Structure formats: C-alpha cells, structure tokens
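Presented below is the structure to which this report refers.
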Amino acid sequence: MSRWIVLAIPVGGIAEANTEARTVTELEGSSEEAAAALLQAAHTYTHTRWKVRRREIYQCSDRSYLLRLQGRTGKYNYLVQLAELVHDSAAEPVGPVPG
C-alpha cells in the first residue's frame, strides 16, 4: 500500500495573504483509491468559499485537475493534485543502505 496526499494549490489571481498549498486529504491505498480520492476532492473542495455558485473541473493529467470556482464576489482557480510518498527519512529502511 502506498501513502498519498491530495493537494489544493491556488493558481494566479487570488488576492489573499494565504496562497500556500493545502493538504486536502491523506490516505493509504492503491493508485485507484488515490485517484478516486483526487476526483472526490475536485468535486467537493471549496477552500474558504462557502457560497460556490459554479464549479468547473478540467483534467490536466491522471493526477491533477484544474478547479475553477465562482463565488458571489469572484473567481478562484486551484490545481488539485495527487502526490505519492516516495521517501520518508523517518521510516525504517527495508533493505541494505547503499554506500
């Protein structure tokens, strides 16, 4: 089982102090389960926009979507992306360490 996170990254035009990537969800599972979590996040993510009037989802790749939200006062874009853990320095090594 792999470890995954789904990120929401603001994309241009957001006039806010907080424009950093956010972790939407973390999970452990197969690539299919992770892809389903990514799509679910694209369909439900609102950041702090509590009055989303329109949601457009564009698929960029198998692991990312561009999410366009239209609220009462503006439009907001987010890259919703899937990332797989490939290294964790706190994890126990599985085999011999090269060197």
Residue 56: open to solvent by 70 Å² or more (accessible area, probe 1.4 Å) and at pLDDT 95 or above, yes or no? no
Please go through segment 68-99 and give me each residue that is open to solvent by less than 70 Å² (accessible area, probe 1.4 Å), over 24 Å from residue 29 (Cα atoms) and modelled with pLDDT of 90 or more, ordered by number. 69, 70, 77, 78
Mind checking which residues of segment 68-94 are assigned to a strand (DSSP E or B) and of a type outside the set (Phe, Trp, Tyr)? 68, 69, 70, 75, 77, 79, 80, 81, 82, 83, 84
Considering only residues of segment 15-53 that are in a loop (DSSP other than H, G, I, E, B) and under 13 Å from residue 79 (Cα atoms), which is modelled with the highest pLDDT? 45
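The values are calculated or read from the model by the stated rules, or taken from the named source; none is laboratory data. Quantities reported herein were computed from a predicted structural model and do not represent experimental measurements. To get the accessible areas, we keep the full protein, side chains included, count just its heavy atoms, and leave off ligands, DNA and RNA. Shrake-Rupley method; radii C 1.70, N 1.55, O 1.52, S 1.80 Å.
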